[in-house]
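Engineer: Structure below; questions to follow.
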Amino acid sequence: MSTFNMEFIVKDLMNAFPNKILDYKFDGARSVFISIDSGILHDVIRYLKDRYDLKHIVTITGTDLLDSIELIYHLSPLDRRILVNVKVKVSRDNPHIPSVVSLLPGAVLYEREVHDLLGVVFDGHPSLERLILPDDWPEGVYPLRKDYKVEVK
Amino acid sequence: MTSVLAWSRIRSPWILYMCTGACNACDIEVLAALAPKYDVERFGILLKGSPRHADVLVVTGAVTRQVAPRLKRIYEQMPDPKFVIAAGTCATSGGVYWGCYNVLGGIDKVIPVTMYVPGCPVRPEAVIDAVAKLIAKLKSG
Amino acid sequence: MSYYQVPIGPQHPAIKEAFQFNFILDGEVIVDVKPRLGFVHRGIEKGMELRTWTQGIFLAERICGICNVPHTTCYCLAVEKIYGIEVPERAKYLRIIINELNRIHSHLLWIGVLGMELGFHTLFMYVWRDRERVMDLVEMISGNRVTPSMNCIGGVVYDITPEMIPVIRRNLDYLEERTKYYKSVLEEDPTIRARTVDVGVLSTGKALDLCAVGPVARASNVKSDVRFDDPYTLYDTINFNLITYDTCDVWGRAMVRVDETLESINAIRQALDKMRPGPINVKVKRIPPVGEANARVEAPRGELLHYVKSDGKETPYRAKMRTPTLANIPSLCEMLKGYYIADIPAIVASIDPCYCCTERVMFIDPNKGEKWTWSYDELRNYSRKYYGVGV
């Protein structure tokens with residue numbers, strides 16, 4: 001078990017950011033999903049990084065929920081024993097959110113990937129260029145959005 | 001002169017190998033064909049690094065959009081007569097990647113193919129068999 | 001300063017996939033590196049949304065053919081979490097065995113590739129000959145040399161019969177002896193040491209900041225391995241060591257992999273001893289409940305994450321995979337800085353990329369207005385001549 005207890009982290013976050021922690025759910029013995037208000041993303045990540053050493057970002061998952069785009073920041077402490085998955089929602093029509101690269105340099109490629117596939121703009125990212133889609137892929141077409149349909153022959 | 005060339009091609013076909021966006025399983029099986037257990041070199045098959053030296057192009061992978069122009073260019077750089085072996089189910093028809101948006105689905109969408117070798121991944125013996133059949137075809141004219 | 005552009009074209013003997021790097025040079029020395037991926041991007045995450053939960057296993061298996069077993073294991077673990085089921089004990093040990101066999105094959109493959117990158121073709125031939133033993137074992141258990149498709153949601157589909165066990169043990173003994181020999185080659189051969197010691201250094205601090213995973217991190221003295229940190233499928237009942245080296249260089253990464261191969265051989269032996277007769281899978285309903293789950297496993301290249309979301313339909317709403325090589329790319333860019341062009345093959349190979357290098361290397365010198373290209377073979381020959389270590 002991690003030196004950091006997941007229930008303790010959740011309660012501590014709820015105290016530090018009253019009314020901004022929207023929901024939480026445990027996923028097995030060593031993982032928890034915490035939904036927060038997108039306005040405090042930077043503050044929460046800084047808090048988790050400074051207090052609990054959650055400096056290892058595993059990845060950033062983007063999901064098109066049709067009425068919004070959900071981003072999950074999968075974080076792990078230095079001993080890598082638990083996964084704290086911080087969820088935020090951004091608007092589908094104007095998907096902007098501050099980049100976390102200044103706090104977690106390892107996030108640099110994950111933000112590019114989400115930008116490429118879902119169109120989310122990470123403000124303050126050093127170079128939000130194409131990462132994996134081909135050069136001739138049309139601008140403004142985001143394959144992981146649900147309105148992008150793949151033809152199955 | 002033509003018969004000398006034909007003789008050398010039959011005795012020792014030089015292979016150029018290319019991956020066009022595969023999962024790597026076929027690639028390592030083609031490489032395993034070079035390794036001591038299967039050892040294609042005893043048939044005179046040599047793996048070359050440049051398209052200008054090759055008789056046979058062995059291609060794996062389902063051809064992603066990004067790689068397709070390069071596949072065409074490599075094919076065009078090879079001198080005639082040239083032969084293409086599509087190794088693996090993905091190179092033959094796209095294989096398991098149906099419905100994946102960045103995949104064209106089979107190398108015959110880009111270049112003409114002489115021989116299809118199915119398998120997921122293709123077995124090294126199947127690759128050797130394909131080259132042997134190709135040599136037999138060349139011998140018979 | 002001249003720009004060094006590395007266009008891709010996976011026409012390379014040691015190829016797996018391909019990516020593009022733009023190197024910014026100052027003379028011979030690399031100052032900065034910018035990655036551009038995408039040549040093997042197939043659209044698998046979207047493809048998973050079109051497939052049923054079981055069909056997804058076969059697509060997940062072909063994300064990477066070399067580390068296909070961790071991918072299916074990770075996907076099945078995540079989906080099993082959504083179902084809320086526990087697989088039988090025998091299935092957990094079988095998963096350990098097949099995962100460790102996969103790790104051995106992957107690490108041996110890598111040692112051969114390292115040999116090729118350094119111009120040491122004999123090492124490649126020897127190692128790949130011995131690696132065939134692992135392929136034979138996997139074929140004996142499952143019928144396929146490379147992709148056993150052993151995992152299913154609820155357990156595994158193939159069992160190890162009592163007749164197979166002595167064959168497995170005999171081959172493990174042979175592999176252990178050969179791996180110890182390769183370890184001594186890596187430790188003592190002066191050519192290999194000259195090209196790998198103090199090359200591609202990634203300090204511990206940088207490895208942590210850039211979130212490096214797997215042998216790349218462990219060779220920079222970062223003690224992290226998902227099998228220890230977040231044990232899955234009964235790894236916590238197996239006694240083996242977490243291998244770290246503190247040399248932070250290409251040599252350290254090679255030694256971590258060789259030592260891990262020896263640990264994997266021991267792990268398989270223990271799993272065979274501990275495994276008891278019993279069922280190897282449980283039946284599950286065709287459609288899982290609504291929910292989402294994560295799973296992490298330690299692939300040969302490092303920490304692998306699968307995230308799966310179900311909305312109660314017969315296909316996943318979202319399936320996300322983060323492969324270890326992507327996590328190591330920022331570290332790769334960092335460890336190339338300050339080294340010479342001639343070191344590129346060894347350093348890139350040292351992260352064990354699940355893609356391979358390049359076909360042609362293009363130099364652009366804006367001051368002279370000149371452009372010239374080299375083939376990858378020419379780059380490798382250049383590296384060898386530069387270090388005067390024979391062709």
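Engineer: Go through C:Val185, A:Tyr73, C:Thr54 and say which Cα lies farthest out towards the positive end of the charge dipole of the protein assembly as shown; charges sit on Cβ, +1 for Lys and Arg, -1 for Asp and Glu.
Structural biologist: The residue sitting farthest along the positive end of the dipole is C:Thr54.
Engineer: How big is the gap, in Å, between the Cα center of the stretch A:115-134 and the Cα center of the stretch C:220-260?
Structural biologist: Going from one Cα centre to the other spans 33 Å.
Engineer: Right, something else. What residues qualify as long-range amide H neighbours of B:Val110, i.e. H under 5 Å apart, gap of 5 or more or another chain, H built at 1.01 Å from N?
Structural biologist: Residues meeting the amide H criterion: none.
Engineer: Per residue, how large is the accessible surface of the protein assembly as shown? Use a 1.4 angstrom probe and give square angstrom. The partial results should precede the final answer.
Structural biologist: Numbers: 24470 Å² over 685 residues.
Value returned for the protein assembly as shown: 36 Å² of accessible area per residue.
Engineer: Okay, next question. Given that compact globular proteins tend to follow 2.2 N^0.38 Å, what is the ratio of the alpha-carbon Rg of the stretch C:41-353 to that value? If you can, show how the numbers build up before the last one.
Structural biologist: Numbers: Rg = 19.4 Å, N = 313, 2.2 N^0.38 = 19.5 Å.
After normalising by residue count via 2.2 N^0.38 Å, the value is 0.99.
Engineer: Work out the FRET efficiency for A:Ser102 and C:Val282 from their Cβ-Cβ distance, taking R0 = 45 Å, and round it to the nearest 0.05. Don't skip to the end; give the middle numbers.
Structural biologist: Details: r = 47 Å, r/R0 = 1.04.
Plugging the Cβ-Cβ distance into 1/(1 + (r/R0)^6) gives 0.45.
Engineer: Please check the stretch B:84-100 for residues whose accessible area, probe 1.4 Å, is lower by 20 Å² or more when all protein chains are in place than in their chain alone.
Structural biologist: B:Val96, B:Tyr97, B:Trp98, B:Gly99, B:Cys100
Engineer: In debye, nearest 20, what is the charge dipole magnitude of the stretch A:6-123 about its Cα centre with +1 on Lys and Arg Cβ and -1 on Asp and Glu Cβ, if you could check? Walk me through the numbers before you get to the answer.
Structural biologist: Working: 14 positive and 17 negative charges, 81 e Å.
Taking the Cα centre of the stretch A:6-123 as origin, the dipole is about 400 debye.
Engineer: Which cross-chain or sequence-distant (5 or more) residues have an amide H under 5 Å from the amide H of C:Glu292, H modelled 1.01 Å from N in plane?
Structural biologist: The list, which skips near neighbours in sequence, is C:Ser310.
Engineer: Sticking with this structure for a sec: Please state the relative contact order of chain B as a whole percent: Cα pairs under 8 Å, 6+ residues apart?
Structural biologist: Relative contact order for chain B comes out at 26 percent.
Engineer: For a protection proxy built on the mean count of beta-carbon atoms within 10 angstrom, sort C:324-331, A:47-54, B:38-45, B:116-123 highest first, please. It would help to have the intermediate numbers written out before the result.
Structural biologist: Details: C:324-331: 24.2, A:47-54: 18.0, B:38-45: 16.0, B:116-123: 22.1.
Highest-to-lowest ranking by the protection proxy: C:324-331, B:116-123, A:47-54, B:38-45.
Engineer: Under unit Cβ charges (Lys, Arg +1; Asp, Glu -1), what dipole magnitude, rounded to 20 debye, does the stretch C:41-353 have relative to its Cα centre? If you can, show how the numbers build up before the last one.
Structural biologist: On the way: 40 positive and 40 negative charges, 183 e Å.
For this selection, approximately 880 debye.
Engineer: Can you list, largest first and rounded to whole Å, the semi-axes you get for chain B by taking the square root of 5 times each eigenvalue of its Cα gyration tensor? Walk me through the intermediate numbers first.
Structural biologist: Details: eigenvalues 121, 58, 30 Å².
For chain B, the semi-axes come out at 25, 17, 12 Å.
Engineer: Normalised by the residues of the stretch C:62-178, what does the relative contact order come to in percent, with Cα pairs under 8 Å and at least six apart? Please report the intermediate quantities before stating the final value.
Structural biologist: Details: 107 pairs, mean separation 35.4, N = 117.
It comes to 30 percent, rounded to a whole number.
Engineer: Please name whichever of C:Thr323, C:Ile287, A:Tyr142 sits farthest to the positive end of the charge dipole of the protein assembly as shown, dipole taken about the Cα centre and charges placed at Cβ: Lys and Arg +1, Asp and Glu -1.
Structural biologist: Value computed over the given set: C:Ile287.
Engineer: Sticking with this one: So what's the stretch C:222-320 giving for Cα Rg divided by 2.2 N^0.38 Å, two decimals?
Structural biologist: Working: Rg = 17.7 Å, N = 99, 2.2 N^0.38 = 12.6 Å.
So the Cα radius of gyration is 1.40 times the expected 2.2 N^0.38 Å.
Engineer: Kindly work out what percent of the DSSP beta bridges joining two residues of the protein assembly as shown are antiparallel, to the nearest 5.
Structural biologist: Approximately 70 percent, going by the DSSP bridge assignments.
Engineer: Taking amide hydrogens as modeled 1.01 Å from N in the peptide plane, which residues meet the under 5 Å criterion relative to A:Val58, leaving out close sequence neighbours?
Structural biologist: A:His74, A:Leu75, A:Ser76
Engineer: Averaged across C:158-171, how many Cβ atoms of other chains sit within 10 Å of each residue's Cβ atom?
Structural biologist: Details: counts 0, 0, 0, 0, 0, 0, 0, 0, 0, 0, 0, 0, 0, 0.
Across C:158-171, the average partner-chain Cβ count within 10 Å equals 0.
Engineer: Another question, if that's okay. Compute log10 of I(q)/I(0) for the stretch A:69-153 with the Debye formula, placing one identical point scatterer on every Cα and leaving out solvent, at q = 0.24 Å⁻¹, to two decimals.
Structural biologist: Debye curve over Cα of the stretch A:69-153, log10 I(q)/I(0) at q = 0.24 Å⁻¹: -1.28.
Engineer: What relative contact order, as a whole-number percentage, does the stretch B:64-112 give when Cα pairs under 8 Å and 6 or more residues apart are counted?
Structural biologist: Values: 39 pairs, mean separation 20.4, N = 49.
Value for the stretch B:64-112: 42 percent.
Engineer: If the limit is 32 Å between Cα atoms, which of A:Lys87/C:Lys46; C:Lys206/C:Lys274; A:Lys11/C:Lys34 go over it? Before the final figure, lay out the partial values.
Structural biologist: Working: A:Lys87/C:Lys46 21 Å; C:Lys206/C:Lys274 40 Å; A:Lys11/C:Lys34 41 Å.
Distance filter (> 32 Å) returns C:Lys206/C:Lys274; A:Lys11/C:Lys34.
Engineer: I would also like to ask the following. Determine the distance separating the Cα centre of the stretch A:87-112 from the Cα centre of the stretch C:156-186; give it in Å without decimals.
Structural biologist: Answer, in whole Å: 45.
Engineer: Say the dipole of the protein assembly as shown comes from +1 at the beta carbon of Lys and Arg and -1 at that of Asp and Glu; which of C:Tyr340, C:Gly112, B:Cys90 then lies farthest toward its positive end?
Structural biologist: Result: B:Cys90.
Engineer: Another question, then. With no solvent and one equal point scatterer placed on each C-alpha of the protein assembly as shown, evaluate the Debye formula and give log10 I(q)/I(0) for q = 0.05, 0.09 Å⁻¹, two decimals.
Structural biologist: Here log10 of I(q) over I(0) equals -0.22, -0.75.
Engineer: While we're looking at this one, here's another question. Using θ = phi - 60° and the Karplus curve 6.51 cos²θ - 1.76 cosθ + 1.60, what whole-Hz ³J(HN,Hα) does each residue of the stretch C:41-53 get, with Gly and Pro shown as x?
Structural biologist: Coupling constants for the stretch C:41-53: 5, 10, x, 5, 4, 5, x, 4, 6, 9, 10, 5, 4 Hz.
Engineer: On to the next question. Which whole number gives the average, over all residues in A:35-45, of C-beta atoms from other chains lying within 10 Å of the residue C-beta?
Structural biologist: Details: counts 0, 0, 0, 0, 0, 0, 0, 0, 0, 0, 0.
Counting Cβ atoms of other protein chains within 10 Å of each residue's Cβ and averaging gives 0.
Engineer: I'd like the carbon and sulfur percentage of the solvent accessible area for the stretch A:6-123, probe radius 1.4 Å, heavy atoms only, ligands and nucleic acids excluded. Before the final figure, lay out the partial values.
Structural biologist: On the way: 2040 of 4210 Å².
Whole-percent figure for carbon plus sulfur exposure: 48.
Engineer: I've got another one for you. Shielding of A:17-30 by partners, i.e. mean partner chain Cβ atoms within 10 Å per residue?
Structural biologist: On the way: counts 0, 0, 0, 0, 0, 0, 0, 0, 2, 0, 9, 9, 1, 6.
Shielding by partners across A:17-30 averages 2.
Engineer: Ordered by residue, what ³J(HN,Hα) values in Hz, to whole numbers, does the stretch C:337-351 give under the Karplus form 6.51 cos²θ - 1.76 cosθ + 1.60, where θ = phi - 60° and Gly and Pro are x?
Structural biologist: 5, x, 10, 8, 3, 4, 8, 4, x, 5, 5, 5, 5, 5, 7
Engineer: Continuing with the same structure: Can you pull out the buried accessible area for chains B and C, both sides counted, probe 1.4 Å, rounded to the nearest 100 Å²?
Structural biologist: Working: alone 7790 and 15940 Å², together 20050 Å².
Looking at B and C, the buried total is near 3700 Å².
Engineer: Any idea how far apart A:Asp50 and C:Gln55 come out in nm if each label point goes 7 Å out from Cα toward Cβ?
Structural biologist: Going from the A:Asp50 label point to the C:Gln55 one covers 5.0 nm.
Engineer: Sort out for me the Cα centre separation of the stretch C:60-128 from the stretch B:12-47, rounded to whole Å.
Structural biologist: 22
Engineer: Could you derive backbone 3J(HN,Hα) for the stretch C:71-86 from the dihedral phi with the Karplus parameters 6.51, -1.76 and 1.60 (θ = phi - 60°), listing whole Hz in sequence and x where the residue is Gly or Pro?
Structural biologist: Computed from phi, the couplings for the stretch C:71-86 are 5, 5, 4, 5, 4, 5, 4, 5, 5, 5, 5, 5, 5, x, 10, 10 Hz.
Engineer: Jot down the per residue volume, in cubic angstrom and as a whole number, of the convex hull over the alpha-carbon atoms of the stretch A:6-123.
Structural biologist: Values: hull volume 11.5 nm³, N = 118.
Enclosed volume per residue, from the Cα hull, is 98 Å³.
Engineer: Can you tell me the length gained on complete extension of the stretch C:Thr315 to C:Thr237, counting 0.36 nm per residue apart and subtracting the Cα distance?
Structural biologist: On the way: separation 78, 0.36 × 78 = 28.08 nm, distance 3.44 nm.
Residue separation times 0.36 nm, minus the Cα-Cα distance, leaves 24.6 nm.
Engineer: Can I ask one more? Placing +1 at every Lys and Arg Cβ and -1 at every Asp and Glu Cβ, with all other atoms neutral, what dipole size does the stretch C:35-77 have around its Cα centre, in debye to the nearest 20? Show your work: numbers first, answer last.
Structural biologist: Details: 5 positive and 3 negative charges, 32 e Å.
For the stretch C:35-77, the charge dipole is close to 160 debye.
Engineer: Chains C and A: how much accessible area gets covered up at their contact, both sides added, probe 1.4 Å, in Å² to the nearest hundred?
Structural biologist: Interface area, both chains combined: 3600 Å², rounded to the nearest 100.
The values are calculated or read from the model by the stated rules, or taken from the named source; none is laboratory data. Quick caveat, the model's predicted, so the values are computed rather than measured. Here Cβ is always computed from backbone atoms with ideal geometry, including for glycine, and neighbour counts include all displayed protein chains. To get the accessible areas, we keep the full protein, side chains included, count just its heavy atoms, and leave off ligands, DNA and RNA. Shrake-Rupley method; radii C 1.70, N 1.55, O 1.52, S 1.80 Å.
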